[in-house]
1. Just name the residue that is nearest to the other protein chains (Cβ to nearest Cβ) out of those in the range A:326-343 that are touching a strand residue (DSSP E or B) at 6+ places or on another chain (Cβ under 9 Å) and surrounded by fewer than 17 Cβ atoms within 10 Å (Cβ to Cβ).
2. For the range B:200-257, give me every one of the strands (runs of 3 or more DSSP E) that falls completely inside it and has 2 or more residues that are in the same structural domain as residue B:74 (by TED's automatic domain parsing) and within 18 Å of residue B:287 (Cβ to Cβ).
3. For residues in the range A:344-380 being within 13 Å of chain B (Cβ to nearest Cβ) and of a type in the set (S, T, N, Q), which is farthest from the chain's Cα centre (by Cα)?
4. Within the range B:288-299, track down each residue that is open to solvent by less than 10 Å² (accessible area, probe 1.4 Å) and either within 20 Å of residue B:360 (Cβ to Cβ) or not aliphatic (A, V, I, L, M) (or both).
5. Exactly one condition in (1) more than 20 Å from the chain's Cα centre (by Cα); (2) of a type in the set (A, V, I, L, M); (3) outside any loop (DSSP other than H, G, I, E, B) is not met by residue A:108; state its number.
6. From the residues in the range A:14-25 that are surrounded by fewer than 24 Cβ atoms within 10 Å (Cβ to Cβ) and within 12 Å of chain B (Cβ to nearest Cβ), which one is farthest from residue B:26 (Cα to Cα)?
7. Looking at (1) under 16 Å from residue A:252 (Cα atoms); (2) within 14 Å of chain B (Cβ to nearest Cβ), can you tell me which one residue A:104 breaks?
8. Filter the range B:1-40 down to residues that are in contact (Cβ under 8 Å) with a residue 40 or more places away in the chain and among the aromatic types (Phe, Trp, Tyr), then give me how many there are.
Number of protein chains: 2
Amino acid sequence: MNYFSSNFKLGILGGGQLGKMLLTETRKLDIYTCILDSNTEAPCKIGSNEFHLGSLMDFDTVYQFGKQVDVLTIEIENVNIDALEKLEKEGVTVYPASKTLRIIQNKAKQKLFYVDENLPTAPFSRFAYVSEIEDAIENGGLKFPFVWKAAQFGYDGNGVKVVRNLEDLKKLPKGECIAEELIPFKNELAVIVSRNAKGEVKTFPVVEMEFHPEANQVEYVICPARIEPEIAKKAERIALKTSEAFKHVGLLAVEMFLTQDNEILINEVAPRPHNSGHQTIEANYTSQFEQHIRAILNLPLGSTANKAGGIMVNLVGAEGYTGNVIYQNIEEIMNMEGVTPHIYGKKETRPFRKMGHVTIVNKDINEARKIAEEVKNTIKVISK
Amino acid sequence: MNYFSSNFKLGILGGGQLGKMLLTETRKLDIYTCILDSNTEAPCKIGSNEFHLGSLMDFDTVYQFGKQVDVLTIEIENVNIDALEKLEKEGVTVYPASKTLRIIQNKAKQKLFYVDENLPTAPFSRFAYVSEIEDAIENGGLKFPFVWKAAQFGYDGNGVKVVRNLEDLKKLPKGECIAEELIPFKNELAVIVSRNAKGEVKTFPVVEMEFHPEANQVEYVICPARIEPEIAKKAERIALKTSEAFKHVGLLAVEMFLTQDNEILINEVAPRPHNSGHQTIEANYTSQFEQHIRAILNLPLGSTANKAGGIMVNLVGAEGYTGNVIYQNIEEIMNMEGVTPHIYGKKETRPFRKMGHVTIVNKDINEARKIAEEVKNTIKVISK
């Protein structure tokens, strides 16, 4: 198949910031790309060959969109999987596969998959309703504190809460969920595994994540992670095994906990470019976005090595501001060594909304970490 | 001025590959960008906020387009300068300035400028018509061989010829031209100087260019150049002096000859992102395209240092092929270490047409050079 300057069409479900960064790569390789998104002001409205307006959860919309393309991928998991399954049966190449998305979309299924596949993950219980948790607490089957996770449609800290008492429990949404043992961990790590259909596999270097204590959003992604080489190797091995278990094609971002006694437990996975890989745009030989395109088109995978150390800082809306966005002090951070802002192009900010990210590249990762903190303390996403 | 997510509009005259690579940066920073180009299939048709169809040489078209934007720049020199001058008078920020473009657009004026500014350049004579060259030859004022350059609208080897005899002379176009002494040079070097309006200046590392012997197009751009540090310093000094002489804002690419006795002579300049800086996308902390945007918007300039060695190979149409383009063996080159193709998205190939470029990044520049040759020998731009 000649993807370049031919009649080939790539479809992407979702037109947010991940889609926007994928479009940078499809433009670079001149790959004809169609986007489906329900937002008339989606970041991907510019940069695609075709922008289709419609719901990602609607069977017909996704099916009709998918029938027009040769390869279909996603930039968000919450899409109509039945439509993908039908498209696969009718010969459209869909990566990630509908089967994989069905497992990942539901956190309870995802956890059960790890257990079935003998992949390390924190102990958990599954509940059809939150009310069942109360029963479990009463009869001693579950103890405070634990981590509650909504089974469906949770992302970026939404749908995840540490539950310490009955009070906390009463505030939770009512639907299907899991209760996971609260693991005291030293560190959160992630590895992005890339694999193409012919079976070539490459992992990006292990990254270390620092989370915002309240919003439960990543504050810094640090690559390479400042950990022992044996731990890095172990994390890579587990990530590779996870990707194999899914027989995954494309990118699989595997988020893991490093426990106090150096055990590694899988937290969750994302079958697409991921927040923990944004720094690869500047810091690595191949960016995660280019690699995703290479993988799903069955092209040779690029080198995943670092050219230099990279740190990513999320640009999220400041608390107390909702409305037309302003990036306060952006010029000041552009004056810092090796700093590149990425602005996603969302018009309205609100507290903790992801509005962009900043990459800090430096040969010395500790120097990069210092600059990252300066960046964090300088720029502020507010409204007019 | 808040450029990010505001009512600010950037205008670019020209919608070719340089514009396309500028759009990658304006998308990254979410800067609203309008393009003017006469080609309905220009590479910039996708990725801009507004695409305007019209002639870059037409006064009214350029003027009306310019009136709608806050800052106006170019990606090609051949634009209507009178319109730019009027726009400047009416308060539109135009970089490069009309005065600079007027000097650069005409190679005779450009050469005289170097002489006036005491900048080193090869000796030359100016002729209003080619017929005057014959007279000069007859009366002994000029001797074969010499380099003929059309004064107007020459680029990428068009409008430049080595003239060795009367036969060669008769084949030349008739208009204004210069005859330059044929300098036996060791090497061709280039330095891209970036400067913003507040006077901050940064030079990209010196690159070394290898030309295709017949087409007079760059075959490899090698960064950093494999030359003595003192030579590099000298080249940087001359490039800086040239940029100062023009009081230039934006990028100024200064192409130079390194003579057998280590003299440096300015060949010509380009007041915009340049073919000799494409490898900066992958190899440098800040790409020339991001730097151009930073400079013309008076933002702080980014670091110009190399993250790793970078080599750029032009992808030009193979001889004997005209028509719908195919990139033969593109998958093979994507399998080589540190190789990234850039496809400009032109539908039709023809001999020596610039269709794309390939970047090779490697910590070891000699290793990169080997891979670059492999790339060059593997990929072929042909037609169906």
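The values are calculated or read from the model by the stated rules, or taken from the named source; none is laboratory data. Since this is a predicted model, take the numbers as computed values, not measurements. Here the Cβ is made from the backbone with ideal geometry for all residues, glycine too, and neighbour counts use every protein chain on show. Heads up: the accessible areas ignore ligands, DNA and RNA and are worked out on the full protein's heavy atoms, side chains in. Shrake-Rupley method; radii C 1.70, N 1.55, O 1.52, S 1.80 Å.
1. First pass over the range A:326-343, keeping only residues touching a strand residue (DSSP E or B) at 6+ places or on another chain (Cβ under 9 Å): A:326-330, A:333-334, A:336-343.
Those still in the list that are surrounded by fewer than 17 Cβ atoms within 10 Å (Cβ to Cβ) too: A:328-329, A:337.
Numbers: A:328: 9, A:329: 11, A:337: 6 Å.
Result: A:337.
2. Numbers: elements: B:201-203, B:207-211, B:218-223.
Hits in the range B:200-257: none.
3. A:378
4. Across the range B:288-299, the qualifying residues are B:288, B:289, B:290, B:291, B:292, B:294.
5. (1)
6. Across the range A:14-25, the extreme among qualifying residues is A:25.
7. (2)
8. Residues of the range B:1-40 that are in contact (Cβ under 8 Å) with a residue 40 or more places away in the chain, as a first pass: B:1, B:3, B:8-22, B:24-26, B:28-29, B:31.
From what's left, among the aromatic types (Phe, Trp, Tyr): B:3, B:8.
The total comes to 2.
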